[in-house]
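Just below is one structure, and these are the notes that go with it.
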Amino acid sequence: MEWLEEILIQCPQCGEEFAIQIETAGDGTVAMIEDCAVCCRPATLRITTEGGEVTAVDVEAA
Ligand SMILES: [Zn+2]
């Protein structure tokens, strides 16, 4: 079983979408900072996973 899932993030700074891969093993919410693939400005992501699936994604400017 693959514990990586690709999700689309909408950048809070430039509005463009970019894909990231996240690990979905283990339930809970993880926070991480990712640089936008388009404008390179950082965004704070809070990603909730449950049962190996992404159930919620919050994005805000870091
Ligand atoms: Zn951006």
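Unpaired Cys in the chain, meaning no second Cys C-beta under 4.7 Å: Cys40.
Shape annotation for the chain: C-alpha extents along the principal axes are 33, 18, 14 Å, from largest to smallest.
A short reminder: the numbers here are calculations on the coordinates, not readings from a lab. Just so it is clear, the model here is predicted, and its values are computed rather than measured. Heads up, the Cβs are rebuilt from the backbone with ideal geometry, glycines too, and the neighbour counts pull from every protein chain shown.
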